[in-house]
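The values are calculated or read from the model by the stated rules, or taken from the named source; none is laboratory data. The shown structure was predicted, so the numbers you read here are calculated from the model rather than taken from an experiment. FYI the Cβ positions are ideal-geometry reconstructions off the backbone, even for glycines, and counts take in every protein chain you see. SASA here: full protein model, heavy atoms, side chains in, ligands and nucleic acids out. Shrake-Rupley method; radii C 1.70, N 1.55, O 1.52, S 1.80 Å.
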Amino acid sequence: MSVKLNALVSDSYVDVSQYRDQHFKGNRYDQEKLLKQSHTLYVGNLSFYSTEDQVHEIFSKSGDVKRIVIGLDKVKKTACGFCFVEYYTRTGAENAMRFINGTRLDDRIIRTDWDAGFKEGRQYGRGKSGGQVRDEYRQDYDPARGGYGKLAQQHRPTEARNSF
(Lines give C-alpha, C1' and ligand atoms only; values in the text may rest on other atoms or scores of the structure.)
Protein backbone atom coordinates (compact mmCIF):
# COMPACT_ATOMS: atom_id res chain seq x y z
CA MET A 1 0.00 0.00 0.00
CA SER A 2 1.41 3.32 -1.10
CA VAL A 3 0.28 6.51 0.60
CA LYS A 4 1.45 9.87 -0.71
CA LEU A 5 1.75 12.73 1.69
CA ASN A 6 0.96 15.91 -0.23
CA ALA A 7 3.26 17.95 2.00
CA LEU A 8 6.18 15.80 0.82
CA VAL A 9 5.20 15.94 -2.85
CA SER A 10 4.37 19.66 -2.98
CA ASP A 11 7.00 22.24 -3.87
CA SER A 12 5.52 25.50 -2.60
CA TYR A 13 8.12 27.56 -4.47
CA VAL A 14 6.93 26.14 -7.79
CA ASP A 15 3.21 25.77 -7.10
CA VAL A 16 0.85 28.05 -9.01
CA SER A 17 -0.14 30.99 -6.79
CA GLN A 18 -3.63 32.35 -6.25
CA TYR A 19 -3.00 35.36 -8.50
CA ARG A 20 -4.74 35.30 -11.89
CA ASP A 21 -4.39 37.78 -14.73
CA GLN A 22 -7.81 39.44 -14.91
CA HIS A 23 -7.25 40.26 -18.60
CA PHE A 24 -6.64 36.62 -19.61
CA LYS A 25 -8.55 35.76 -22.78
CA GLY A 26 -10.17 32.43 -21.97
CA ASN A 27 -11.77 30.58 -19.10
CA ARG A 28 -10.33 29.76 -15.67
CA TYR A 29 -9.67 26.11 -16.58
CA ASP A 30 -7.62 27.06 -19.68
CA GLN A 31 -5.64 29.62 -17.68
CA GLU A 32 -4.90 27.07 -14.95
CA LYS A 33 -3.74 24.51 -17.51
CA LEU A 34 -1.43 27.00 -19.22
CA LEU A 35 0.05 28.14 -15.89
CA LYS A 36 0.90 24.55 -14.95
CA GLN A 37 2.74 23.99 -18.26
CA SER A 38 4.24 27.46 -18.66
CA HIS A 39 7.89 28.27 -19.31
CA THR A 40 7.21 31.99 -18.72
CA LEU A 41 7.52 34.02 -15.52
CA TYR A 42 6.16 37.44 -14.62
CA VAL A 43 8.78 39.39 -12.66
CA GLY A 44 7.59 42.32 -10.58
CA ASN A 45 8.94 45.05 -8.30
CA LEU A 46 11.81 45.86 -10.62
CA SER A 47 13.48 49.24 -10.52
CA PHE A 48 12.57 51.45 -13.47
CA TYR A 49 16.34 51.52 -14.09
CA SER A 50 16.96 47.75 -14.22
CA THR A 51 18.18 46.71 -17.66
CA GLU A 52 17.46 43.68 -19.81
CA ASP A 53 21.11 42.67 -19.41
CA GLN A 54 20.82 42.71 -15.62
CA VAL A 55 17.64 40.64 -15.73
CA HIS A 56 19.28 38.18 -18.12
CA GLU A 57 22.37 37.87 -15.94
CA ILE A 58 20.41 36.84 -12.84
CA PHE A 59 17.73 34.70 -14.51
CA SER A 60 20.13 32.80 -16.77
CA LYS A 61 21.66 31.26 -13.63
CA SER A 62 18.60 28.99 -13.34
CA GLY A 63 18.34 27.88 -16.99
CA ASP A 64 18.57 28.91 -20.63
CA VAL A 65 16.54 32.07 -21.18
CA LYS A 66 14.67 32.23 -24.48
CA ARG A 67 13.67 35.90 -24.24
CA ILE A 68 13.06 38.76 -21.87
CA VAL A 69 10.34 41.35 -22.44
CA ILE A 70 10.73 44.49 -20.32
CA GLY A 71 7.43 46.09 -19.28
CA LEU A 72 6.91 49.58 -20.69
CA ASP A 73 4.85 52.60 -19.77
CA LYS A 74 2.33 52.66 -22.63
CA VAL A 75 2.56 56.45 -22.95
CA LYS A 76 6.26 57.21 -22.38
CA LYS A 77 7.62 53.85 -23.69
CA THR A 78 10.03 53.71 -20.73
CA ALA A 79 10.54 50.79 -18.32
CA CYS A 80 7.85 50.63 -15.64
CA GLY A 81 9.00 47.99 -13.16
CA PHE A 82 8.10 44.53 -14.49
CA CYS A 83 9.13 42.05 -17.16
CA PHE A 84 8.44 38.61 -18.56
CA VAL A 85 11.19 35.97 -18.64
CA GLU A 86 10.62 33.04 -20.96
CA TYR A 87 12.73 29.89 -20.62
CA TYR A 88 13.29 27.08 -23.10
CA THR A 89 12.22 24.54 -20.46
CA ARG A 90 9.82 24.34 -17.54
CA THR A 91 12.73 23.19 -15.37
CA GLY A 92 14.60 26.48 -15.91
CA ALA A 93 11.51 28.45 -14.94
CA GLU A 94 10.93 26.25 -11.87
CA ASN A 95 14.52 26.83 -10.74
CA ALA A 96 13.99 30.58 -11.06
CA MET A 97 10.83 30.33 -8.94
CA ARG A 98 12.77 28.40 -6.30
CA PHE A 99 16.01 30.31 -6.20
CA ILE A 100 15.49 33.82 -7.62
CA ASN A 101 12.06 34.82 -6.29
CA GLY A 102 12.62 37.09 -3.29
CA THR A 103 16.22 37.97 -4.16
CA ARG A 104 17.55 41.47 -4.80
CA LEU A 105 18.16 43.20 -8.10
CA ASP A 106 19.15 46.89 -8.04
CA ASP A 107 18.60 46.82 -4.28
CA ARG A 108 14.93 45.78 -4.69
CA ILE A 109 13.33 42.50 -3.68
CA ILE A 110 11.91 41.05 -6.88
CA ARG A 111 8.84 38.83 -7.13
CA THR A 112 8.32 36.06 -9.64
CA ASP A 113 5.08 34.33 -10.55
CA TRP A 114 3.91 32.01 -13.30
CA ASP A 115 2.55 33.59 -16.43
CA ALA A 116 0.28 31.82 -18.93
CA GLY A 117 2.57 32.99 -21.75
CA PHE A 118 3.52 36.37 -23.12
CA LYS A 119 1.31 37.83 -25.83
CA GLU A 120 2.07 41.00 -27.77
CA GLY A 121 0.57 44.05 -26.03
CA ARG A 122 1.08 42.72 -22.50
CA GLN A 123 4.41 44.50 -22.24
CA TYR A 124 2.57 47.75 -21.55
CA GLY A 125 1.49 48.97 -18.12
CA ARG A 126 -2.24 48.89 -17.42
CA GLY A 127 -2.46 52.01 -15.26
CA LYS A 128 -4.47 55.05 -16.37
CA SER A 129 -1.31 57.12 -16.78
CA GLY A 130 0.50 54.38 -18.74
CA GLY A 131 2.54 52.66 -16.03
CA GLN A 132 1.56 49.94 -13.58
CA VAL A 133 -1.68 50.22 -11.64
CA ARG A 134 0.17 49.85 -8.30
CA ASP A 135 2.25 52.93 -9.09
CA GLU A 136 -0.88 55.02 -9.62
CA TYR A 137 -1.87 54.73 -5.95
CA ARG A 138 1.49 54.53 -4.18
CA GLN A 139 1.77 57.29 -1.54
CA ASP A 140 5.41 56.80 -0.55
CA TYR A 141 8.45 58.23 -2.30
CA ASP A 142 10.33 55.52 -4.20
CA PRO A 143 13.20 56.89 -6.30
CA ALA A 144 13.71 53.54 -8.11
CA ARG A 145 10.08 53.63 -9.31
CA GLY A 146 9.79 57.23 -10.46
CA GLY A 147 9.31 59.06 -7.14
CA TYR A 148 5.79 59.43 -5.76
CA GLY A 149 2.81 57.56 -7.23
CA LYS A 150 0.91 59.35 -10.02
CA LEU A 151 -2.05 60.38 -7.85
CA ALA A 152 0.21 61.58 -5.04
CA GLN A 153 2.19 63.67 -7.57
CA GLN A 154 -1.00 65.38 -8.74
CA HIS A 155 -1.87 66.42 -5.18
CA ARG A 156 1.57 67.76 -4.27
CA PRO A 157 2.36 71.46 -4.73
CA THR A 158 4.31 72.22 -7.93
CA GLU A 159 7.45 73.36 -6.07
CA ALA A 160 7.52 70.12 -4.02
CA ARG A 161 7.24 68.04 -7.21
CA ASN A 162 10.17 69.83 -8.82
CA SER A 163 12.49 69.88 -5.78
CA PHE A 164 13.93 66.37 -6.25
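Net length available on complete extension from ASP64 to GLN37 is 8.0 nm, with 0.36 nm assigned per residue and the Cα-Cα distance removed. The label-point distance for THR78 and PHE99, in a model that sets each label 7 Å from Cα toward Cβ, rounds to 3.5 nm.
Once the Cα-Cα distance is subtracted from the 0.36 nm per residue extended length, the ILE109 to GLN54 segment shows a gain of 18.4 nm. Label-to-label distance, GLU120 versus THR89, with points set 7 angstrom from Cα along the beta-carbon direction: 3.1 nm.
Residue order by solvent-accessible surface for ASP113, ASP73, ASP106, ASP64 is ASP64, ASP106, ASP113, ASP73, largest first, with ligands and nucleic acids left out and a 1.4 Å probe.
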